[in-house]
1. Any idea which of (1) closer than 16 Å to Cys180 by Cβ; (2) in contact (Cβ under 8 Å) with a residue 60 or more places away in the chain is the one Ala127 doesn't satisfy?
2. Hey, among the residues in segment 96-107 that are surrounded by fewer than 16 Cβ atoms within 10 Å (Cβ to Cβ) and touching a residue at least 12 places away in the same chain (Cβ under 8 Å), which one's farthest from Val182 (Cα to Cα)?
3. How many residues are open to solvent by 70 Å² or more (accessible area, probe 1.4 Å) and in contact (Cβ under 8 Å) with a residue 60 or more places away in the chain if we restrict to segment 273-295?
4. Could you tell me which of the residues Val179, Val90, Val173 is open to solvent by less than 40 Å² (accessible area, probe 1.4 Å), among the hydrophobic types (A, V, I, L, M, F, W, C), assigned to a loop (DSSP other than H, G, I, E, B) and farther than 18 Å from Ala245 by Cα?
5. Quick test for you: out of Tyr77, Tyr83, Tyr68, pick the one residue that is at pLDDT 85 or above, exposed (fewer than 15 other Cβ atoms within 10 Å of the Cβ) and among the aromatic types (Phe, Trp, Tyr).
6. Would you mind stating whether Lys266 is within 28 Å of Ser91 (Cα to Cα) and either in contact (Cβ under 8 Å) with a residue 60 or more places away in the chain or among the basic types (Lys, Arg) (or both)?
7. Looking at Asp139, is it among the charged types (D, E, K, R) and open to solvent by 60 Å² or more (accessible area, probe 1.4 Å)?
Amino acid sequence: MAFNTTNSAAVIEQEVYSRFIVENLHDGLLPDSFSRNVADFGSGERLNIPVIGSATVQDVEEEVPMTYNAIDTGRVYLNITDYVGDAWSVSDILRQDGYMVESLMSERAKEGTRALQEHFETRFFEAANAGQTNGQGNDINGFDHRVEATGTSNLATLDHFRQMKLAFDKAKVPQGGRVCFVDPVVEATLNALFTMTAPTAGSTYNFNFEGLVQNGFERDHRFVRSIFGWDIWTTNYLPRGDFSAGTGVTDAVANVFMCIGSDSTKPVMRAWRMPPKTENRRNFELKRDEYDIRARFGLGVQRTDTLGVLITSASNY
């Protein structure tokens, strides 16, 4: 008797599953070097940090007492604000009957960690944007550090980067370590302003990020170019909404400028009360293994003179 697919269907596997697991696609994430680590915030919910103001030089005359000025001080605050996590489980029946369960669980654990990382980066840029007063120019030494694109379709222009450079220069911000994070929509706008044959004045492709780029960041956060001293990178985690520096832009994205040359110049500070940690336990009643990952942290702005925000359209390019 001849056997074929017609009379031997019972011995043919009806479904075959690949041993390759399709992973979710992710963007690169910011390294820790972009914010100041407040290591002395080990307890409590709010940290008060004193800030010393500027001193003023006075004219001195012989045998005339000098004026003893009070010490100008202020405070900035850092709160533990975020307590987030992820949890999942696998039952005994699934382990008995399932296919590649251990591999799937391993990938599930990585997904949970990645979700926390994305949440942290989103909150990082939200904290930076919240460090300024919406609706105002947030001028320092007479020059605005919050600028909105008010032209046609609220598009970014080269003049915005020149304007932000001048604002940082007048605020006496160091030249080294100046970086800018823009939405991919803004990158598309900038790409239309340059030709492939010759760089535009003030624009270069030379970027070393002052030695602060880590391999993972450099690989995943795509470098656009350097314009007027700004090393420009893309990210999908910038704040979106209705923002203003005076006039107002709806459906906008807040592109963030900062100086990260040292801990004293970084505008954003962070404190990890509980870094991401994965735990597992056995639930004997439900006959399953349970896993969870949790983290607790806070973000705040320690200085605004090294921080800038450019408000542009989140969809027009």
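1. Unmet for Ala127, out of (1) closer than 16 Å to Cys180 by Cβ; (2) in contact (Cβ under 8 Å) with a residue 60 or more places away in the chain: (1).
2. It comes out as Tyr99.
3. Number of matching residues: 5.
4. Just one listed residue meets the conditions, Val173.
5. Result of the check over Tyr77, Tyr83, Tyr68: Tyr83.
6. Judged against the criteria, Lys266 is not a match.
7. yes
Here's the yes/no breakdown for (1) under 14 Å from Ala87 (Cα atoms); (2) acidic (Asp, Glu):
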residue	(1), (2)
Lys277	yes, no
Arg281	yes, no
Leu286	no, no
Val301	no, no
Asp305	no, yes
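The values are calculated or read from the model by the stated rules, or taken from the named source; none is laboratory data. Here the structure is a predicted model, which is why all the values come from computation and not from measurement. Positions of Cβ are backbone-derived with ideal geometry, glycine not excepted, and every protein chain shown enters the neighbour counts. Heads up: the accessible areas ignore ligands, DNA and RNA and are worked out on the full protein's heavy atoms, side chains in. Shrake-Rupley method; radii C 1.70, N 1.55, O 1.52, S 1.80 Å.
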